[in-house]
Each structure stands twice: as structure tokens, then as C-alpha cells.
Amino acid sequence: MSTVKIWNASENYRWCCSEILGRGATAVVYRARSLITGDECAVKVFHDRVSHHYASVPIKELELLQQLKHRNIISILQIEREKTTNNHVLAMELCSGGSVYSMLDQPKYAYGFPEEEFLIFLDDLAEGMKYLRIHMIIHRDIKPGNIMRKVDDNGRSVYQLTDFGAARHLQDEETFTSIYGTEEYLDPGMYEKAVLRKPTGQDFGADVDIWSLGVTVYHVCTGQLPFLPWGGRSNSKTMHLMTSKKEFGVISAIQRTEHGEIEYRKTLPKTCLLSLSLKSMITPMLARLMESDITKRMNFDRFYNDVKDIGDMVIVKVFDCCTGINNKLYVNKKDRYAKFQEIIASISEIPAGEQLILFLSKELNELVEATKEIKDWPKKLIGGQFFLYQRERLDQQRLALPEIPPLPQFPDYMTLDRDSYVAHKSAGIASLIERYIKMTLHYQELMQESETNLRDFIMRIVRKINNLIPNMSGILDEHRKRQSTFYDNYGKIVLVLKSIIDKTMNPENLQKCYDSFKSVIQDKNPSEVLKKAENRAEECKVYMDVLMQKMLDQESEAITYCVGCLEEDHCIQKGQHLCTKVTDIWSVFSKHRKQKTLSEEEEFCHKSDRGKLTDYCVQIISLLQGHCLLNTTRMYAVVGKQIALLLKNLQRTKKVEQNIASVNECREKLSARITKVRTFNFVHV
């Protein structure tokens, strides 16, 4: 039997009452069409009890809202009245992506937006807020539910501020006393007055939106509210205590049991999907946005500039072989190589002097000039993959493993509300684990690449040294011939001088020359030094032959033992399948919760799915922990051993290079000595 559709309309818009886009305490938002153009839009139809709200708003303020034209402010097309109820209707631009709150309700965003989407959201939010500030408007109800997502012609998300029912036109120095907003996002001072009903006598200014911004940004980057008292909204006193009495730098707090201690945190949770580098910038921003002392709180301009600074940075991917993490480093475009090393040191704890940074098997300092700004580096470097090693790392380090939240448990008896909650939390965890599986397999690939890059880098050095050794030996041979000829000639000169002295009646002058030339012949040091240099050159050749064989043997060992998840394991496909199964059950449980009562068949299916959901969750966790992470740990051990051996070999090549440099230096000094001795003696003959 088909459902009868109920249609409503205003003067210029028409909508079906079953096509609901969102529902709130004051109104319902429907998908609608313009009766004039036929274009799709959204209409916000206010409930009877609140429709008078807009009647009390000055016409000039309504006109002001209609004049707001900005990419990140939802367009208000028209303000009309519904024909049947005479309630106010707000016709708005359609955002098919729904609200940010509805996005966070989806399992894939249960632990926050992924980094790329978060950056788009943050930039759009900052731009929208700046536009409001320019027009002296405070929103007073900033929260994920009042930020909508649409998709532009390029398929890119665009986030827009909406719901200006509480907005005020306010100069910077002006204040207001009326309270409006959503409890979890309220400034502590407003919370005290609005929720605790305390007569604070406090006025509020244009900066009340700042606290709401902080809570919203935290919610979007973690998937949860920052301040969670036991019992939620009903525990308003603890909520106010959390927000008003926290230390500087605290960005979240939780109370796990009734009347239990409050756990304060100054860091983002490990399940947050942002990179360490971005977290290091977002965390202090959140601390300043959600500062209890309003005099120390971040202002709009600082917030906007900080967001713009982040957006203007260069993102460089650096795989840290010590931790097995592929870091995204945010670097200022005007920074240079030395600053880049400082940033790496802050994330990896590897000092600049011990960093070996490779790109396509070449050391980074070979590819860029130390004085060149990063914005002028070759584009292939910025978009490519770097590999980071610790030069003195000769032992196994530490592998960073992802954090898996504990699974919620179903109650012993069937409860639709609780079952829906458990299924929702489980779907979020399954989606997070699916991400971990993809990430883990990618890291396995990078581990293998890190070993290959380092090996190729060292092989380049080895080949270079092997090319130098024959040249060095050849130059030493030439020098030996020259030195031998030199001493032979000096020997003949000594014999001639001796013969002349024996026949001369007054040989004093010739005696000095004779003694000088004879001392050169009698000095055995040059021959000994040359012999040592030749021996060292031969040692270098033998050493490099052994080193080359070691490299080949180690490479064969690495190929034999370095095995991670195989293509035929289908880990990603399995993870996606299990995640879909869990999400599907949550969707069904969500419908059951709204139905309130189930038929006998639905109840049977519901009870069966409770067990299946738990099984699917156990399977996907087992896939990650018992297979993918286990393989990653094994691979890390093998690759770590190989990298340690390779780094030893790298140190050996450095010693050989030093020996070659020492041999060449000896040869040059010996050659210079011959020239100097010959010049001195013949000048004085």
C-alpha cells in the first residue's frame, strides 16, 4: 500500500513533508523547489511555538541576513509564510551533504574528519566567521549542526554557516545580556547564567563565539565533545566545573563514573585522524580558543591568521623508519633545509646531525641547496615520499601501533535504544579499524621501500668507491715510478759530487751540497709512507670486495624473509566487507529504535543481528591485530634488522672514504715534498 504524500507550500516554494533534511527544536528543514524557477532548495519551517521569533526580529536585521553573500555563508533566498499554518518559512540554498553534525553521526567520521577534509572545513569556517566579523555579526550558536556541507562543481566540499536565528548585529565594544546557544558549546560564563540559572550580572560581547568555535573544531577533529561529565547534560554542575576551573592548556575532560574524578587532558586522543605535525598546531589553538579566562582567550584575528598560516604551509611526507609512521610535516614555504631538519627533530626526536633523509635513494642535501627556500624546491620533492633514518641507529627501535577503542557491550536483554547506541559505536570502531587496515598495509609497503631506498643509496656510494680505488692505485703506481726516478737521479748526483770532492783541494762548498743530497737519499720516510699508503689502498680494495659481498648476501636475506600481508590475503577487501556488515546492522537498529515496537519477525532478526554484529566486530579486530599488525610487526623486525646492518655498512663506507682521502693526501704530500726538495737543492747547487 503506497504512502500518501503530503505537500505544503508558501507563496514561491513547495515541498513534500516526507522529504526531511533535518529536524531541530525550533524548526524542520525540508527539500523544496522554487515554483518560479523549478530549482531545488531547502526550506526551514518553524514550529508554531517559535514562529513568533522572527516576528520579533527587526525588519532591518532580516534584510541584513538576506544581504549576506559569501561562499561560506548559506544563502537565504527569501522569508515567507506557510499557507496553511502561517508559520515563518526560510527559503535557503540547498546543501545536499547535510550538516556537519549529521556527518559526525556517520560511522566513517565517528573519530573525526580525516586530515584533508578537516583542513577544508577549518579554512571554510574561518572564512565564514571572518565575513561575519566584517559585518559586525555574532552568530551565538556555532556548532556542527549549524554548519552545512555542499559539493562544488569540482567535487570539493564547501562548508557554510547557517541558522542565524540567534545572530546579533554587534559592534566590538557592545555587549548583550540575552542568552542563546546550545549547552555543550556555550561559553562557561553564558553556561553559568543560562543553564545553572545563576544571577551573574555578566554581560557578553562579540567574543562569545570563540569558545563555541573551539568546541566545534575539537568535535570535528575527534568525533566527540571535549567535555563529558558523567550523565551528560543532566550533570550541569560538573560540566561547568570542567570548563570554568580547568588549567591553561587543557582541551578536554571526562568523568567516567558518577561522582568520579575528572580526567583532564592537554592532548588530542590517539584515535584522532590528524597527523602529529598538524596536531602540534591544532592543540595549542584549541587551548587558546577554549581558555576559561576570557582575557587570555584567542581572538578572531589570531584564529583566522593561524588557520591561514596552516593552509599556506607545504605538506611533506616523511616515513620515519624508527617508528614505522609516515608523518605529514607542515613546513613554512620560506623555511630552509636547516629548519626542515628542526621540524623533523621535533616530531621524530632524531637530532639534525643524526638524520639521514633520502628521496629516491639520494640524500636530500644532494638535491636541494641549503639556502634555498622550500617553496623553490623541485615540485617532485614536495609531492614525493621521503624516508628518514637515524645514522647511529644500530639496534631495534620502537614500532608505533594504532589504538583500538574498547567495544561496547550489548545488555543481556534487548533494548532498542541501547542496542542502537552499541551498534552505532561498533560501526564507528569498525570504520576506524578499516582505516587502520589500509594504513597498516600502506606502511608495510613503505617499510620495504625504506629498506630498498637505503640499500640503493649505499650501493651508489659503494660503486663510487669501487671506481675510485683503481684510480687511486694507478696514481700511486705513477707516483712510485716518479719517486723511484727521483731517488735514482739523486743517487747518481751524489756519486758525481763525491768524485768531484775527492779530486778537489778545497771541497767545502761542494761538501754542503753533497751532504744535502745525501740526506735526501738516506731519508727512508717517504718510501715507508708510500708503502703504507699502498698497503692501505690494497686494504680498501679487499675491504670493499668483502663489503659488496655482504651487501649482496643481506639483500638476498631481505628478499627471503621480508614478507607482509600478501595480495591474495585480500585484507582491505575483507576489512571493507566486515565494516559494511556492521554498518548495515546499525542502520537497521537505528530504524528499529525509531519504530519503538517490533513485529515478531523483526524482533527475531534483531536478536540474531546482535550476535552477528559482535562476531563481525571480533573478526575485523582479529583481522587487524592477529593478521595485519602481526605481519607489520614481523616485517618491522626484519626490515629493522636489515636497516641496522645497512647503516653499519654505511659507516664502513665512510671509513673507507676517509682512508681513500688519507691515501690521496699522503700521495699529494709526498709529491709536493719531491717538488720542494728538488727545487731547494738545485737552487743551492
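None of the figures in this text is laboratory data; all of them are computed from the coordinates on show. Fair warning: this is a prediction, and the values are worked out from it, not measured in the lab. A quick note on method: Cβ atoms are made from the backbone with ideal geometry, for glycine too, and the neighbour counts reach across all protein chains shown.
Using 5 Å bins from zero, what percent of all Cα-Cα pairs in the range 517-631 falls into each bin?
Pair shares across the bins are 2, 8, 10, 9, 7, 6, 6, 5, 5, 4, 4, 4, 4, 4, 4, 3, 3, 3, 2, 2, 1, 1, 1, 0.
Take every Cα pair under 8 Å in the range 313-390 that's 6+ residues apart, average their separations, divide by the length, and report that relative contact order as a whole percent.
Relative contact order for the range 313-390 comes out at 42 percent.
Using the 2.2 N^0.38 Å rule of thumb for compact globular proteins, work out how the range 287-444 stacks up: its C-alpha Rg over that value, please.
Taking N as the residue count of the range 287-444, the ratio is 1.42.
Can you list which of the DSSP-assigned H helices in the chain have a Cα extent of 30 Å or more along the long axis and an average Kyte-Doolittle score of at least -0.5?
416-503, 629-683
I need the P(r) histogram for the range 614-660: all alpha carbon pairs, bin width 10 Å from 0 out to the longest distance, whole percents.
Spelled out bin by bin, the range 614-660 gives 25, 24, 19, 15, 11, 5, 1 percent.
Grab the DSSP H runs of the chain that are 4 residues or longer, score each as -39,500 (n - 2.57), total them, divide by all residues and round the 222 nm result to the nearest 500 deg cm²/dmol.
It comes out at -18000 deg cm²/dmol, rounded to the nearest 500.
Once the cut-off is 15 Å, how many percent of the Cα-Cα pairs in the range 255-302 end up in the long-distance tail?
When all Cα pairs of the range 255-302 are counted, 59 percent exceed 15 Å.
Using only C-alpha atoms and all pairs of different ones, pull out the Kirkwood radius for the range 313-390 in Å with one decimal.
12.3
What fraction of the Cα pairs in the range 100-306, stated in percent, has a spacing above 20 angstrom?
56
For the range 491-548, compute Rh as the Kirkwood radius over C-alpha pairs and then the Stokes-Einstein diffusion coefficient at 4 °C and 1.567 mPa s; write the answer in µm²/s, rounded to an integer.
Rounded to a whole number, D works out at 91 µm²/s.
Can you bin every Cα-Cα distance in the range 213-340 into 10 Å intervals starting at zero and give me the percent of pairs per bin, rounded to whole numbers?
Values per bin, smallest distances first: 12, 36, 31, 16, 5, 0.
Dividing the alpha-carbon Rg of the chain by 2.2 N^0.38 Å yields what?
This ratio for the chain stands at 1.43.
Relative contact order of the chain, please, whole-number percent, based on alpha carbon pairs below 8 angstrom and at least 6 residues apart.
Once normalised by length, the contact order is 10 percent.
So how do F300, F604 line up by other beta-carbon neighbours within 10 Å, fewest first?
F604, F300
Can you tell me the equivalent ellipsoid semi-axes for the range 416-683? Use √(5λ) from the Cα gyration tensor, largest first, whole Å.
85, 14, 10
Based on the inverse mean of 1/r over its pairs of different Cα atoms, what is the Kirkwood hydrodynamic radius of the range 67-119, in Å?
13.9
What number, in percent, do you get for the relative contact order of the range 231-279 if the mean sequence gap of Cα pairs under 8 Å and at least 6 apart is divided by its residue count?
Value for the range 231-279: 26 percent.
Could you tell me what a quarter of the Cα convex hull surface of the range 106-157 works out to, in nm² with one decimal place?
Computed as one quarter of the Cα hull surface, the answer is 4.5 nm².
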